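Following: one structure in structure tokens, then a few remarks.
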Amino acid sequence: MKMLVVSDSHMYNDILENITNKWKNKVDLLVHCGDSSLLPNDPLLKDYDIVVHGNHDEEVFPHYVVYKDIFVTHGNDYHVYTGYDELIKACKENHCTICFHGHTHVPTIQIHEGITFVNPGSAMINRGSYGYGTYAIVETEPFNVIYYDNLDHHICNQEVLEEGMVLLDEFKKIVKNMK
């Protein structure tokens, strides 16, 4: 299965439309991990098979969706800035081995306790020095994740993933010091 995974478009509708139109006929499933800041009946979401609630969305979307062995959520309900402990528990309770989430605006792929966590980053713009947003194309057989920039659609795995891990470690330190 081949999937488009986006998150955190925050009403950057031209960007979301551009990404959607590029991939909607090339993938099996379209997933939005929240913070579209749109309503369910918005034409920009009509092609999406799964849309979940983000912290900037109305309470009309589900907070998570389980699709086969994939757990889809925004991430804020599971405190992803501090780590994956809460998401690991939710994934295990729902027998999921893959988790798509957003919220941090940091594209990452990590494996914890046998669960693969994929954050496509923000379709709007990511935190980081490279100055553009991202989205992901995920294939399950064999499992593969490719990150693309939000405008030119060039592959950007290496530049965004290395910096992403550094940023997430910094977030964890900041949050830990706030407690």
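Looking across segment 105-157 at every residue that is at positive phi and in contact with a Ser or Thr (Cβ under 9 Å, 6 or more places away or on another chain), the one that is surrounded by the fewest Cβ atoms within 10 Å (Cβ to Cβ) is identified as Gly114. Here Ile15, Ile109 are screened, and the one residue that is part of a strand (DSSP E or B), of a type in the set (Val, Ile, Thr) and within 19 Å of Arg127 (Cβ to Cβ) is Ile109.
Taking segment 82-104 as the range and being touching a helix residue (DSSP H, G or I) at 6+ places or on another chain (Cβ under 7 Å), at pLDDT 95 or above and surrounded by fewer than 18 Cβ atoms within 10 Å (Cβ to Cβ) as the test, only Glu86 passes. Mind checking which residues of segment 18-37 are of a type outside the set (A, V, I, L, M) and in a loop (DSSP other than H, G, I, E, B)? Residues satisfying the conditions are Lys24, Asn25, Lys26, Asp28, Cys33, Gly34, Asp35, Ser36, Ser37. Going by the conditions given, is Gly102 of a type outside the set (A, V, I, L, M, F, W, C), within 20 Å of Leu30 (Cα to Cα) and part of a loop (DSSP other than H, G, I, E, B)? Here the answer is yes, as Gly102 does meet what is asked. The residues of segment 54-74 that are in contact with a helix residue (DSSP H, G or I) (Cβ under 6 Å, 6 or more places away or on another chain) and crowded, with 19+ Cβ neighbours inside 10 Å amount to a single one, Phe71. The number of residues in segment 134-167 being at pLDDT 80 or above and aliphatic (A, V, I, L, M) comes to 8. For segment 130-179, the set of residues classified as under 19 Å from Tyr81 (Cα atoms), touching a residue at least 12 places away in the same chain (Cβ under 8 Å) and in a loop (DSSP other than H, G, I, E, B) consists of Gly133 only. Selection of segment 64-119 for residues being small (Gly, Ala, Ser) and free of Cβ contacts under 8 Å to residues at least 24 places away in the same chain yields only Gly114.
The values are calculated or read from the model by the stated rules, or taken from the named source; none is laboratory data. These numbers were taken from a predicted model, which means no experiment stands behind them. Positions of Cβ are generated from backbone atoms using ideal geometry, with glycine treated the same way; all protein chains shown enter the neighbour counts.
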